[in-house]
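One structure is given here, and the rest of the page talks about it.
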Amino acid sequence: MTLHRPLTWLLGASLFLLLLPAGATLAAPLQEDTTPPEQPTPASTETIVLAGGCFWCLESDLEKLPGVVEAVSGYSGGHVPSPSYRQVVSGNTGHREVVEVTFDSQVLPLEDLLQAFWRNIDPLDDGGQFCDRGEQYTSAIFVATAQQRDVAETSLDDVQARLINQPVVTPVLPAATFYPAEDYHQNYAKTHPVRYRYYRWSCGRDRRLKQLWGDATSGSGEEA
């Protein structure tokens, strides 16, 4: 009984092959396509580049907002092509640490994104941000279109009206080439949570944000 079925199958298969027309080939079995379909990009998707000091922090703060599709740490605004992190932090490239934010403007209008941006930077500091000093850490808004410039300048005026008698130094600049930072800088708050929290605390970022804005919507909420 143990040999009956294999022997029967073998004889049947041999007979089938003998009857197969010369030159005929057997079709390969169909395989299921497991490639996930590409998700369509909404027509309302926009991208803007924002500088607010350490890109680990700004990326972490902004990517939490509903409507943000992606936040990528990188460098922009300088004269050195494809700079490395070491080059940028030296202060000799003209680049700032920035975050390229892709967002759905139907879910998160640019006005609201910029409001969150202001609440996570110190727009009065022209020498850097928090404990990080130098031009490479200064804040800025890089706009790609006339519409983005209009929204950014209106938003800046609103912030200046709130911080009366304190000059806002964050400039609105034309978009420049964006260079993504090295892989180990991306999503740093998630991949190195202990180091990230210690850095953020020791830099005094959230203490200054609370002092400046005076509400719970600023920063990560990790400092009392």
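The values are calculated or read from the model by the stated rules, or taken from the named source; none is laboratory data. Quantities reported herein were computed from a predicted structural model and do not represent experimental measurements. Here the Cβ positions follow ideal geometry from the backbone for every residue, glycine too, while neighbour counts run over all protein chains shown.
Filter segment 166-195 for residues that are part of a strand (DSSP E or B) and among the aromatic types (F, W, Y); which is surrounded by the most Cβ atoms within 10 Å (Cβ to Cβ)?
Taking the candidates together, the pick is Y179.
Regarding segment 211-222, can at least one residue be identified that is closer than 13 Å to G53 by Cβ, part of a loop (DSSP other than H, G, I, E, B) and not charged (D, E, K, R)?
Looking through segment 211-222, at least one residue is closer than 13 Å to G53 by Cβ, part of a loop (DSSP other than H, G, I, E, B) and not charged (D, E, K, R).
Would it be correct to say that R208 is of a type in the set (K, R), farther than 20 Å from G91 by Cα and either crowded, with 17+ Cβ neighbours inside 10 Å or at pLDDT below 95 (or both)?
yes
Of the residues that sit in segment 107-140 and are in a loop (DSSP other than H, G, I, E, B) and free of Cβ contacts under 8 Å to residues at least 40 places away in the same chain, which one is farthest from the chain's Cα centre (by Cα)?
Checking each candidate, the answer is G127.
Could you list, in sequence order, all residues of segment 70-93 that are outside any helix (DSSP H, G or I) and over 19 Å from I121 (Cα atoms)?
Hits for segment 70-93 are E70, G78, H79, V80, P81, S82, P83, S84, S90, G91, N92, T93.
Could you identify the single residue in T47, T35, T8 that is outside any strand (DSSP E or B), hydroxyl-bearing (S, T, Y) and at pLDDT 50 or above?
Testing whether each residue is outside any strand (DSSP E or B), hydroxyl-bearing (S, T, Y) and at pLDDT 50 or above leaves just T35.
Considering segment 141-165 alone, what residues qualify as being outside any helix (DSSP H, G or I) and on the phi < 0 side of the Ramachandran plot?
I141, F142, V143, A144, T145, L163, I164
If you take the residues of segment 158-209 that are among the basic types (K, R) and farther than 20 Å from I121 by Cα, which of them is nearest to the chain's Cα centre (by Cα)?
K190
Restricting to segment 116-155, what's the tally of residues that are closer than 30 Å to S90 by Cα and either at pLDDT below 95 or of a type in the set (S, T, N, Q) (or both)?
Looking only at that region, the number is 5.
Restricting to segment 51-69, count the residues that are in a helix (DSSP H, G or I) and among the hydrophobic types (A, V, I, L, M, F, W, C).
5
Any idea which of (1) modelled with pLDDT of 95 or more; (2) out of contact with any helix residue (DSSP H, G or I) (no Cβ under 8 Å at 6 or more places or on another chain); (3) over 23 Å from V143 (Cα atoms) is the one I164 doesn't satisfy?
Exception for I164: condition (1).
Would you check if there is a residue in segment 94-106 being in a loop (DSSP other than H, G, I, E, B), within 18 Å of the chain's Cα centre (by Cα), in contact (Cβ under 8 Å) with a residue 24 or more places away in the chain and surrounded by 21 or more Cβ atoms within 10 Å (Cβ to Cβ)?
yes
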